[in-house]
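Novice: Here it is: the structure, laid out below.
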Amino acid sequence: MVEIQIAYKGKLRCSATHVDSGATLLTDAPKDNMGNGESFSPTDLVATALGTCMMTIMGIAAQRMEIDLSGATVTVTKEMTAAPTRRIGRLAVTFRVPLSLTQEQRQKLENAAMTCPVHKSLHPDVEIPVSFNWN
C-alpha cells in the first residue's frame, strides 16, 4: 500500500507528497479550466503515469533479457473531450527505442509495455493508441 497526502494550496493548486519517499509535486488546473497552467494538471499526471508505467514495465522486461533501454523515450499526447462530460478522451503513446533488436525481442518488450497496471486501470472509453519506433 502507498499513501499520497494532498493539500489544497488555493488558486486551484495542490501539493502532493509521496509519504514513503517524501517526494513532493504540485498540480495546477490548466488554463482552459480556470487555472494558471503553471504545473502538471491532474489529467497531465494520468498521461505521465501511463507513459512512465509502460516504460518502466518494458524496462523490467529488458533488464531480465539483459538489454539496456537507456536512451529510449516515450511521448504521451493527451486529448481532452467535453462530451458527455469533461474527461480524457485519448492518450496517444509513442515509443522511440534506439536499439537494433530481433523481432522476438521487440515483441517481448512491446507485450510487456501493454501489461502496465496504469494502462489496465484506465476506463475503456479512453482511446490509447500505442506505437513503437525501433532504430
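Novice: Which helices (runs of 4 or more DSSP H) does the stretch 37-134 wholly contain that include 1 or more residues that are in contact (Cβ under 8 Å) with a residue 60 or more places away in the chain and over 21 Å from C14 (Cβ atoms)?
Specialist: It comes to 42-64, 117-121.
Novice: While we're looking at this one, here's another question. Given V97, V2, which one is open to solvent by less than 70 Å² (accessible area, probe 1.4 Å) and within 29 Å of K108 (Cβ to Cβ)?
Specialist: Exactly one residue qualifies, and that residue is V97.
Novice: From the set of residues in the stretch 36-45 that are farther than 16 Å from I88 by Cα and out of contact with any Ser or Thr (no Cβ under 7 Å at 6 or more places or on another chain), which is least open to solvent (accessible area, probe 1.4 Å)?
Specialist: For the stretch 36-45, the residue satisfying everything is G37.
Novice: Could you give me the residue pairs with C-beta distances under 7 Å whose first residue belongs to the stretch 14-25 and is over 16 Å from L45 (Cβ atoms), whose second residue is assigned to a loop (DSSP other than H, G, I, E, B) and open to solvent by 60 Å² or more (accessible area, probe 1.4 Å) wherever it lies, and which are 6+ apart or on separate chains?
Specialist: Matching pairs, first to second residue: V19/E3; D20/V2.
Novice: Just to be sure, is R86 touching an Asp or Glu at 6+ places or on another chain (Cβ under 8 Å), open to solvent by 50 Å² or more (accessible area, probe 1.4 Å) and among the charged types (D, E, K, R)?
Specialist: no
The values are calculated or read from the model by the stated rules, or taken from the named source; none is laboratory data. Fair warning: this is a prediction, and the values are worked out from it, not measured in the lab. In this analysis, Cβ positions are derived from the backbone assuming ideal geometry, glycine residues included, and neighbour counts consider all displayed protein chains. Surface accessibility is based on the protein's heavy atoms, side chains included, excluding ligands, DNA and RNA. Shrake-Rupley method; radii C 1.70, N 1.55, O 1.52, S 1.80 Å.
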